[in-house]
1. If we keep just the residues of the range 144-168 that are surrounded by fewer than 21 Cβ atoms within 10 Å (Cβ to Cβ) and in contact with a strand residue (DSSP E or B) (Cβ under 7 Å, 6 or more places away or on another chain), which is farthest from residue 95 (Cα to Cα)?
2. Looking at 315, 280, which one is part of a helix (DSSP H, G or I) and either in contact (Cβ under 8 Å) with a residue 12 or more places away in the chain or assigned by TED's automatic domain parsing to the domain that holds residue 151 (or both)?
3. Taking residue 327 as the residue in question, decide whether it is outside the structural domain of residue 238 (by TED's automatic domain parsing), in a loop (DSSP other than H, G, I, E, B) and away from the ligand (no atom under 16 Å from the Cβ).
4. Can you go through 265, 300, 291 and tell me which one is surrounded by 23 or more Cβ atoms within 10 Å (Cβ to Cβ), assigned by TED's automatic domain parsing to the domain that holds residue 209, at pLDDT 95 or above and farther than 18 Å from residue 229 by Cα?
5. Is it fair to say residue 588 is more than 16 Å from the ligand (Cβ to nearest atom) and closer than 27 Å to residue 633 by Cα?
6. Of everything in the range 516-526 that's outside any strand (DSSP E or B) and in contact with a helix residue (DSSP H, G or I) (Cβ under 9 Å, 6 or more places away or on another chain), which residue is farthest from the ligand (Cβ to nearest atom)?
7. In the range 527-557, what count of residues is obtained for those that are within 15 Å of the ligand (Cβ to nearest atom) and more than 13 Å from residue 320 (Cβ to Cβ)?
8. Could you please give the count of residues in the range 656-704 that are under 25 Å from residue 560 (Cβ atoms), in a strand (DSSP E or B) and modelled with pLDDT under 95?
Ligand code: DGJ
């Protein structure tokens, strides 16, 4: 890892073993982008990569020889002068001007990686793991200074970027657009992959070929959203899972975002990612500063699995914090789909007792334990245990669960309030609202104004009180509606554009306080399923409820899609009842368990309703997860066959020393008289002989080259461990090196 600085040509070359990223100061003082891709030799200057030309209709403020901003690739471009593409930054000034002109002033290098105050961000514990280049620029007219941060990780194809503005001028300005990253690429030969969906069908990969014009995804819902994930891949058209060039952009942020690629008619691609400029502004009084959240940019030449593995490793080692960063996750039972709101302590204890018998380690009480929350019309915000349900409160229930030999976890939805609640009656001004406009309800609830510190303080008081007085080992932090009418009564008119961002900062603040005070508690984030599954929240909560859809077949797709950007250890996954509550589909218990193995694993049903035979299987699956969760959750994950393209999707995890692996193979619909099937594995050592339990012994090169012959019951037996007949089937293959 090196940062080469060439003072004469004013060239900056960031390099590690995976990529080179090269910039230079342009003749007009702006920062130009020269190259991003495979590592290349360092040299004094790369001016041959500078696209200097003036074409008909090109403009230039400085009459620079043969050079126009319209055609040169830049690092942090501005709209309004000679570049007609979208800019990364816009500053509204007192005189109505929005133009700025950031000119290079200098640089500094920081060993390691500085933290971003108040924001989640990747980190290094050892300074030698990363180096940060900070470029200093300034706009002479406004006096605003800009610092562009570039951190190169030593051992990974990862570069992170963020921007920091300081108003050194004498007048206030409004920042109205401040992207975290802008990257101009010299061509448009890319497939753009986004992860789209909706409630109960999150993060389905959607691919577009880039072409002239703008392709964008966004969230304007106040949370990163079920609809679009703040994660985008640009890959070369021929890149597949195992080979080829690709880059991924992950926004370490949980609020409104924009990710877009603008391809001009010279086939130059400008990629940008940052806080969505719609309804965003940030007032900078003289002396104030503003930091954008960070974007992680990962690069590979070895295909999409390698790109995903880079994100998995980065997030597991340099984003997720706390005790559970590298720790296997408890096997839990959650009562939501077992009871919904219809429970009392007796019922809960009966569910817990049966789960305990099956080897489950933690009982989680979901929604409905507080205030008047007997359904979703009332009680949100009143975080006091409902004595009619829980005579000894949460403290008493958690004690009883612990006495049974299990840990106890609890659900909160800290950001919300029902109008029918004591909290709302006492503080009707504590919700997001716009004067003289009606508030929209969603799930009969309003959004607390987390841009106000006193609101966050109040919720902190209640939640931390319960956590302190009870024996709680896990918290599920839910968030069940998108944000509308985003205004705050606590801020003046010229700061209303700050509320979306201030809201998320309030959420981060509460997370920070709770995780710091209760380091032993495992937090799982949730937003009506996977509506806030983003890198920002992983900084606070090591796992997220992947989706409210617990059907195994849909979960294969959802977990497969999620795996492009996020590690297995972060995906909340439970075995639920059949017929499935979201789809009414009946899938075998085996398939439900074997899908959930590739996640944090838990149960979301009343095990008392299962037959003795099923209970015996549940015990077996729970034990399997205990025996293998280290590998399942922290091994190297490979996608083998896509559920979006194949009736037989498959994936696998491989241990760090490559001596063990677990393959999950699924079949959606059974077919009569089926072809013999082979599954080519990945990530093994060619020269090691592996025993595939129930199938025989094979060398790694055989398993990766010829493949594991799997076949099925209909077409002939190739081993003991075969795919059961029937629809929605699955099989797990365990591999162990025998020499
Ligand atoms: C939505 C979550 O995703 C569910 O798991 C459950 O916690 C409900 N909210 C409770 O209201």
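The values are calculated or read from the model by the stated rules, or taken from the named source; none is laboratory data. What you see is a predicted model, and the numbers here were worked out from it, not measured in a lab. Cβ coordinates were reconstructed from backbone atoms using ideal geometry, including for glycine residues, and neighbour counts include every protein chain displayed.
1. 154
2. Selected residue: 315, the only one of 315, 280 that is part of a helix (DSSP H, G or I) and either in contact (Cβ under 8 Å) with a residue 12 or more places away in the chain or assigned by TED's automatic domain parsing to the domain that holds residue 151 (or both).
3. Details: outside the structural domain of residue 238 (by TED's automatic domain parsing): yes; in a loop (DSSP other than H, G, I, E, B): yes; away from the ligand (no atom under 16 Å from the Cβ): yes.
So residue 327 passes the test.
4. On the way: 265 fails: surrounded by 23 or more Cβ atoms within 10 Å (Cβ to Cβ); 291 fails: surrounded by 23 or more Cβ atoms within 10 Å (Cβ to Cβ).
Result of the check over 265, 300, 291: 300.
5. Judged against the criteria, residue 588 is a match.
6. Keep residues of the range 516-526 that are outside any strand (DSSP E or B), which gives 516-521, 526.
Right, trim to in contact with a helix residue (DSSP H, G or I) (Cβ under 9 Å, 6 or more places away or on another chain) and you get 517-518, 521.
On the way: 517: 23, 518: 20, 521: 17 Å.
Out of the qualifying residues, it is 517.
7. Counting residues in the range 527-557 that are within 15 Å of the ligand (Cβ to nearest atom) and more than 13 Å from residue 320 (Cβ to Cβ) gives 16.
8. Here the count works out to 1.
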